[in-house]
Every structure is written in structure tokens, then in C-alpha cells.
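K.L.:
Take a look at the following structure, please.
The values are calculated or read from the model by the stated rules, or taken from the named source; none is laboratory data. Keep in mind the model is a prediction, meaning the values are calculated, not measured. All Cβ positions, even for glycine, are placed from backbone atoms using ideal geometry, and neighbour counts span all protein chains on display. In case anyone asks, the SASA skips ligands and DNA or RNA and just uses the protein heavy atoms, side chains included. Shrake-Rupley method; radii C 1.70, N 1.55, O 1.52, S 1.80 Å.
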Amino acid sequence: MSKISFLKLVSSSTGLFIILFLILHVSGNLKYFGGPDSLDNYALFLRIFGKEILGEYTFLNLFRIVLVIAFILHIWSTYLLTRYNAKASPQYESSLAYKSTTFSSKYMFVLGILALSFLVFHILHFTLGIIHPDGFEYLKVYNNVTISFKNTIYFLIYFIGVTVVSLHVSHGIWSAFQSLGFNYLFVKHARNFAKLFAMFLWIGFLSVPIFVYFFK
Amino acid sequence: MREVTNRSMEIRLKIWRQESPESNGYFEEFLVENISPEASLLEALDSLNERLTLENRRPISFDSDCREGICGTCGFVINGRPHGPFPGVTTCQLHMRMFEKAGLLVLEPFRGGPFKVLKDLIVDRSGLDRIIQAGGFISVSTGSAPEANSILVPKNLAEEAFNAAACIGCGACVAACPNGSAMLFTAAKIKHLNILPQGKAESKKRTKNMLDAMINEGFGACSNHGECETVCPKRISLETINFAFKEGLSS
Ligand code: HEM
Ligand code: FES
């Protein structure tokens, strides 16, 4: 396999895998609207899932490990691809008029780095509870979500973070289909559909913070 | 038919000047007067060059050959668009009447990846040739022309191969790509050969070698901006790249 075929295979499949995880993640978030029991039970469920066979936390931790590996591979492959691209990028003296390049496609790497920073913050905040506003109690998910998003700074960080991830995905998802050589008729439509999908993701992830910050 | 007139027009041309690959380039502005709207852009440059020669100034170097859009020799960036603002045509197919309202044309050589300015608007595009050398051929001995029906090619494949083969290798896709990638060019060559029975035998080796050659020559990897498709004078589409990526995965 050629070098770029391999890198594309890695970047696209890990990217799509992470997007699948994001879909699961956002549907979990919506349990907030079901009230404290609904969300907290769901959080508990994730921790004890597969307990009969594997013991508590094992499944969750396995899933976490797979995700971390996916991220490492995604960053590694896209870094190499971006390096080839940056080296070959044309330096025009007059400016080139682009027609189909989008903000997202142009700034994939920057958006990726920002997404990663947001991710680190997000884990330090909700997963590990190392950074948090007053009144935060480990594993009291509903309560933690509520007090966090009542806080303007936390609200803004999540607003920006989710926007960044959605922008990255709005190019990434169709780019991945194209890089994997999916049926072109599908890919062609996916290019428009990707923006819609990213918007759903954006609305889904922001629905809870916006609801808490403005209406609760 | 279009009425031929005796009208004439004038236009300002801001052109990239560079003596040699090593020297620093700069823009120089010229006023081209009394040019027929029916003249081609390259003819306008020819007439400007005659004047410059008479004035003992260095004429503008630019590439062209067939001047009918089939050889891929011509090409520069015109007002920010490789081959100009009109889709589906090469630089040599542009006529001054298309620019009657433009007032000023900024001409800059193709840039990106290993493209290096040799002189004025001429760039070294030999990197594309070396991608071809890596696999853009069929190495079976074919003998004399076979009987037409001895190798059957389905109509749709013949057409797809023909569409890909329409690539004239002008390099506009590289010039338009924010990554300086030659993916549209490389993919067109891969597809054109891989889908025909004669090319199938070597398809895996060809795909791998040509994609590797593209990177080794210093072109960017594609990140699906889709800019190439919008400037290709032969309207080769992103479907071609989709095909090459697919072939790449099994190569
Ligand atoms: C929120 C998590 C992320 C998701 C869901 C995601 C998803 C994707 C997808 C699906 C692609 C398209 C793959 C391709 O066609 O090559 C992509 C491309 C890309 N990603 Fe991510 N990504 C994420 C995080 C990151 C991070 C942390 C970086 C770190 C730098 C990054 C950098 C890039 C770059 C540079 C590309 C473009 C690669 C190219 O040139 O083709 N991404 N991403
Ligand atoms: S000179 Fe042959 S394509 Fe323009």
C-alpha cells in the first residue's frame, strides 16, 4: 500500500470511529432532559456495563483505551498528511480565489488541536473532576452538569469547544468517505449532508448547556 | 455565428517577471492597446512581446503549443484562478472579449508542490512526468493493432476511461490546490489505465507506485478541498480521486 493510502486509511477510519463515539455520547447527554435519575443511572450503567463477565469498569476502561488509541493514530496520521500538505502549499504573490475550500477544510489541523485541548479540559472537568466549579461532587452527574453550565466561563468553554468539534466534523465526515473510496454518488451527497450532520451534532451537544444556562 | 467586428479594446496586464529560477520575481504592469476583442489572450501577449522586442526590452516568457486546448502546455493563474475565471477551458482558449469589462488582468505562474518558476510565467512541471514514469503506462508488449473486437470493453467503462484520459496534464489542479497536491492528475492517470482490461494486470503496482511518486516528488497529499475539480479544463471530477483512493486501499 502506498504511503498516503495507508495514512488516509488510518486517519479516516479513526476519525469515523470517533464520530461514532460522538453519536453515542450525544445521545447519552440528552438523558439530562429525563431528570437526575435518568442521567445518573445512565452514568452508572456505563460503569457497570458487562460487570457479570468482566467486572465493574472493565468494559468502560477497555472502551477508553480503544478511544485513546484511535485519537493517537488519528493525530499521528493527520499530522504526517498535514506536513506533506504544508510543505507543498503554494505561495502566491497575488491571492488565489478559492471556490470550494471551506473554513473547516482549510483549518482542519488547527481545529483538531483546539478540539484536543477542549477534550483534555473536558476530561479534567467531568471525567476526573480535577477542574470544576464549587459544589461539584464526583459521580453526581446531573448535579455537576447543572452547576457547571450555570457558570458563564464553563458555558463559554463548552460552547466554543463543541463548535470547534462540529466544524472539524463538517469537513471530516465527508472527507473520510471520500478517502475511503465509498460509492461516489453517496459521497457527493455526503458533502452537503456532512454540514447538516455537523449541525445536528452541534445542536445536540449544546442543547444541555444552553438549556441549563438560559432556562434553568 | 458571432459577428466579427473591427472594434478594439485596451487592457492592463500585471505580469509576474522573473529572470531565472534563482532570481527574485516581481510584478510588472503593461498597457495593451488596440487589441481586437477576437484575439486570444495569448495573442495579446504575443503582440505585447513584439512591442517589447522592438523596444529592446525582455519579452514575457510563457508556455504554449497547440493553442486549442488539447496539449496541456499553456497555463498560468489569471486573476486568482488557474486558466482564468471560466470553467472548462485552458488559458489558450481565452479571448480578449471575455475580459472586456475586466480592466486589469493579473497573471502569475502556476505554483504549488515542486512547481518552480523557470522564467516569468513558465514553471517546471516535470514532477508530473515523473509520476507518469512511476506507473502511467502498460508494460505488456502489444504487438500490432489487435482486431477491434478481440478485447471487449463495456461501453460505460470505455467512457469512464475516456473521461479520465481527457486529462492533458496541464497542472492546473496542482496550482489550484491549497495543498499543492497532484491528486486529480495522478488519479486521472490511474483510473484511465486501471479500468481497462489492458491496464488491469498492473493496477495494484501502478496505483502504489504513482501515489508514492506523487508524494516523493513533493506534491501534497490530498485533503479533499475539491478545488482541483473547479479549475480542471477537462472537467475531471472528484469521482476520479474517489476511485484512486479506493484502488489505493487494495494496492
Ligand atoms: C473530536 C474528535 C475528532 C474527530 C471526530 C475527528 C474526525 C476526523 C475525520 C472524520 C477526518 C477525515 C479523515 C480524512 O479524510 O483523512 C479528520 C481529519 C483530520 N483531523 Fe480529525 N478528528 C478529531 C480530532 C482531531 C484531532 C485531535 C486532531 C489533531 C491535530 C485532528 C486533526 C485532523 C486533521 C489535520 C485532519 C485532515 C487530514 C487530511 O489532511 O486529510 N483531528 N478528522
Ligand atoms: S497550448 Fe495546448 S492546451 Fe493550451
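K.L.:
Does B:K204 meet the test of being more than 19 Å from the chain's Cα centre (by Cα) and of a type in the set (K, R)?
P.N.:
Yes.
K.L.:
May I pose another question? What are the residues in the stretch B:57-85 that are more than 6 Å from ligand 2 (Cβ to nearest atom), assigned to a loop (DSSP other than H, G, I, E, B) and open to solvent by less than 50 Å² (accessible area, probe 1.4 Å), if any?
P.N.:
Correct list: B:I60, B:S61, B:F62, B:D63, B:G75, B:F76, B:G80, B:H83, B:G84.
K.L.:
While we're looking at this one, here's another question. Give all pairs with beta carbons closer than 7 Å in which a residue from the stretch A:123-134 that is assigned to a loop (DSSP other than H, G, I, E, B) meets a residue that is surrounded by fewer than 14 Cβ atoms within 10 Å (Cβ to Cβ); count only pairs at least 6 apart in sequence or on separate chains.
P.N.:
If the second residue must be surrounded by fewer than 14 Cβ atoms within 10 Å (Cβ to Cβ), the pairs left are A:G129/A:Y138; A:I130/A:L124; A:I131/A:L124.
K.L.:
Of all residues in the stretch B:208-228, which are more than 7 Å from chain A (Cβ to nearest Cβ) and acidic (D, E)?
P.N.:
B:E217
K.L.:
Looking only at the stretch A:168-207, count how many residues are touching a Lys or Arg at 6+ places or on another chain (Cβ under 7 Å) and not hydroxyl-bearing (S, T, Y).
P.N.:
2
K.L.:
Also, I was wondering about something else. So A:L9 passes all but one of these: (1) in contact (Cβ under 8 Å) with a residue 12 or more places away in the chain; (2) at the interface with chain B (Cβ under 9 Å from one of its Cβ atoms); (3) open to solvent by less than 40 Å² (accessible area, probe 1.4 Å). Which condition number does it fail?
P.N.:
The single condition A:L9 does not satisfy is (3).
K.L.:
Between A:S148, A:S175, which is modelled with pLDDT of 95 or more and open to solvent by less than 80 Å² (accessible area, probe 1.4 Å)?
P.N.:
A:S175
K.L.:
Residue check, A:L96 against (1) assigned to a helix (DSSP H, G or I); (2) open to solvent by less than 50 Å² (accessible area, probe 1.4 Å), all met but one. Which one?
P.N.:
(1)
Condition check ((1) surrounded by fewer than 11 Cβ atoms within 10 Å (Cβ to Cβ); (2) without any contact (Cβ under 8 Å) to a residue 60 or more places away in the chain; (3) of a type outside the set (S, T, Y)) across all residues:
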{"site": "B:F115", "(1), (2), (3)": "no, no, yes"}
{"site": "B:R130", "(1), (2), (3)": "no, no, yes"}
{"site": "B:Q133", "(1), (2), (3)": "no, no, yes"}
{"site": "B:F137", "(1), (2), (3)": "no, yes, yes"}
{"site": "B:V140", "(1), (2), (3)": "yes, no, yes"}
{"site": "B:A148", "(1), (2), (3)": "yes, yes, yes"}
{"site": "B:I151", "(1), (2), (3)": "yes, yes, yes"}
{"site": "B:P154", "(1), (2), (3)": "yes, yes, yes"}
{"site": "B:A166", "(1), (2), (3)": "no, no, yes"}
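K.L.:
Give the stretch A:171-193 a look and list any residue that's more than 10 Å from ligand 1 (Cβ to nearest atom) and assigned to a helix (DSSP H, G or I), or say none.
P.N.:
The answer is A:Y184, A:L185, A:F186, A:V187, A:K188, A:H189, A:A190, A:R191, A:N192, A:F193.
K.L.:
Report whether or not B:L249 is within 16 Å of ligand 1 (Cβ to nearest atom) and more than 21 Å from the chain's Cα centre (by Cα).
P.N.:
Considered against the rule, which asks whether it is within 16 Å of ligand 1 (Cβ to nearest atom) and more than 21 Å from the chain's Cα centre (by Cα), B:L249 comes out as yes.
K.L.:
For the stretch B:13-36, which residues satisfy the criterion of being open to solvent by 70 Å² or more (accessible area, probe 1.4 Å) and away from chain A (no Cβ under 14 Å)?
P.N.:
B:E19, B:E22, B:E33, B:N34
K.L.:
Quick one: would you say A:L185 is at pLDDT 95 or above and open to solvent by 20 Å² or more (accessible area, probe 1.4 Å)?
P.N.:
So A:L185 fails the test.
K.L.:
Could you tell me whether any residue of the stretch A:71-85 is more than 11 Å from ligand 1 (Cβ to nearest atom), under 30 Å from B:K14 (Cβ atoms), within 13 Å of chain B (Cβ to nearest Cβ) and open to solvent by less than 50 Å² (accessible area, probe 1.4 Å)?
P.N.:
no
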